[in-house]
1. Between E123 and residues 5 or more places away or on another chain, which pairs have amide H atoms under 5 Å apart, with H built 1.01 Å from N, and which residues are they?
2. Give me the percent of the accessible area of region 91-177 that comes from carbon and sulfur atoms, probe 1.4 Å, all protein chains in place.
3. Which trypsin sites (Lys or Arg not before Pro) in region 168-201 sit in a loop by DSSP (not H, G, I, E or B) and have at most 16 other Cβ atoms within 10 Å of their own Cβ?
4. If DNA, RNA and ligands are ignored and the probe is 1.4 Å, what is the ranking of L139, L168 by accessible area, most exposed first?
5. Roughly how much of W91 is accessible, in Å² to the nearest 10, using a 1.4 Å probe?
Amino acid sequence: MKQNSHACRCNCCTWSHAYGDSSLLNRRDFLFRVGAATAGGMMLSAWDGFALEKAGALPVRGPMARQPLRVQPVLTHDLPKRREATSWRGWGGIQNEADALAEKNRIESELKKLKAKAGFAIEILPTATVHNLAQTASLGNHDVVIIFAAGGGLDILEKLAKTSRFSLMFLRHDPGPAYLWYEIVHPRFLRKTVDEYAQSG
């Protein structure tokens, strides 16, 4: 019987009618046909799922809730005490509690404006003021810390920067009040008073 008059419509015969001996099928034809069949099956599955969802058979999932980025601002500063016949104040514009409070209010005002302009959810925690190492332990849970390094010792900055979370440092200069670490962050914090960079993170 000739192939074009064969009445059988089974898969094996249909394939052989169209392409002759299946052993002669080359790799390109095989991959093309498997790919086309797979893509078609995926489209049908997607269409079936869409139809079921429209019919109310499947729950409709809304957008996933975004968690706000929790930001912890930290103002580091010194509280120097007068000592006779010696230098007792460091460089910078934050020298007492009144200076620190005014700068804290300025920081919170600036961050409030930043939050309003952000294109994503931000939760800005109350600004912490730190002037000794022990105070770094009281910081709450957060995703990123912004260090406003107006003053304070190197140990404070290293402690804040070595957490498992992201850390940024802000150094105010002009307009002031000028921060101490604006002047010395590169040689003291980043290079540890040597030529090579030594600060991790």
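1. Residues meeting the amide H criterion: L69, R70, V71.
2. 56 percent
3. Passing sites in region 168-201 are R191, K192.
4. Highest to lowest solvent-accessible surface, that is L168, L139.
5. Counting only protein heavy atoms, W91 exposes about 120 Å² to solvent.
The values are calculated or read from the model by the stated rules, or taken from the named source; none is laboratory data. From a predicted model like this one, the values you see are computed outputs, not experimental measurements. Here Cβ is always computed from backbone atoms with ideal geometry, including for glycine, and neighbour counts include all displayed protein chains. Accessible surface is based on the protein model in full, side chains and every heavy atom, while ligands, DNA and RNA are left aside. Shrake-Rupley method; radii C 1.70, N 1.55, O 1.52, S 1.80 Å.
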